[in-house]
Amino acid sequence: MSLQIAEILSDFSDLVECYSIDELFVDITNTAHLFGSDPEGIAKQIQSRIWLETGVFARVGCADTKVKAKLTVDLICKKSESGIFILKKGDLEKYIHSHPVESMWGVGSRYRRHLNRMGIWTIGDLSKYSLTRLRKKWGVNGEVLWRVANGIDDSPVSPDTFTEQKNIGNGLTLPKDYSKADEIETALLDIISIVCKRAREKGLMGQVVSIGVRGHVWETPTGFSRQKKLTKPTYLTKEVFREAKELFYQYWDGLPIRRIYVELSDLQKDDIVQLDFFDQVDRERQLQLERVTDYIHDQFGVTSLN
């Protein structure tokens, strides 16, 4: 799903960096004028697009460095109803420095104990501590902690981290609320068929299946997002459908659904996946059948087979 969100962000700027599986940076310095001059308004546009196209309620933190933006998301946005916060220059001390030092990423229990013994209890304490002493104690790591606490980050948003395909996914906004199991399974199968067809076309098998569902009420989001690691990689519709359906019924609370998303990740080239002989024969038959289905859909449309 991170790839789909990155594609949405790329409509706002060419500078999109995938920092982790659920965190991305986007630099809109040179494109903000195209979407209005109000940072909060742009953040709402981004949040709305992500919600409408993926069903994910995104937290958006805006700041003048990547470090400050991440601190804003981690410490403020995740605790606010709107999920949006604009950290202006000079506001780091006001909004960030009062938080416990262990709430800053990079500070685990070991670092926390050492820092507390040094009289450092908050991020603000760390920001004011002697950089020389931190360097002497922890070397580069000590300087990194100090720079994070002070919001100092010279690194640009690097789009190169977004170029390699790490997942293949597809989502569908349903025409109405679905609450019947057969309706939901039909929609789920349609989505998975598209995902697996794309994977076969790229020669990529996935070993992690993810499913996300959402209701239609923006103010009170419902649904879930879960994933499962498979025993072996696949791009066969039948196999992915079986696993996704199992995940769905394990976590569905019975509330109506308006949006479904399915993703294959942990991708591997299909020509390097090792299978035992009997498994290979069975899967080859299924693959031939699905490739015939792919061909018919390409020639006559996706509604040509039932």
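Along the range 4-11 the Karplus relation, 6.51 cos²θ - 1.76 cosθ + 1.60 evaluated at θ = phi - 60°, assigns HN-Hα couplings of 5, 5, 4, 5, 5, 5, 5, 6 Hz to successive residues, with x for each Gly and Pro. Scalar couplings 3J(HN,Hα) for the range 196-204, obtained by applying the Karplus form with A = 6.51, B = -1.76, C = 1.60 to θ = phi - 60°, are 5, 4, 4, 5, 5, 4, 8, x, 10 Hz; x denotes Gly and Pro. Counting only Cα atoms, the range 1-118 measures 49, 30, 26 Å along its principal axes, largest extent leading. For the range 67-74, backbone phi angles converted through the Karplus equation (6.51, -1.76, 1.60; θ = phi - 60°) give residue-by-residue couplings of 4, 5, 4, 5, 4, 4, 5, 5 Hz, Gly and Pro being listed as x. Shape class for the range 114-154, computed from the alpha carbon gyration tensor (a ≥ b ≥ c): oblate, with a/c not under 1.5 and a/b at or below b/c.
Cα centroid separation, the range 105-182 to the range 234-261: 32 Å.
The slack in the chain from residue 172 to residue 158, taken as 0.36 nm per residue of separation less the alpha-carbon distance, amounts to 2.0 nm. By the rule of a C-alpha distance below 30 Å, with chain neighbours fewer than 8 residues away ignored, the lysines paired with residue 94 are 44, 66, 68, 70, 78, 79, 128, 136, 137.
A short reminder: the numbers here are calculations on the coordinates, not readings from a lab. Worth saying up front: this structure is predicted, and the values here are computed from it rather than measured.
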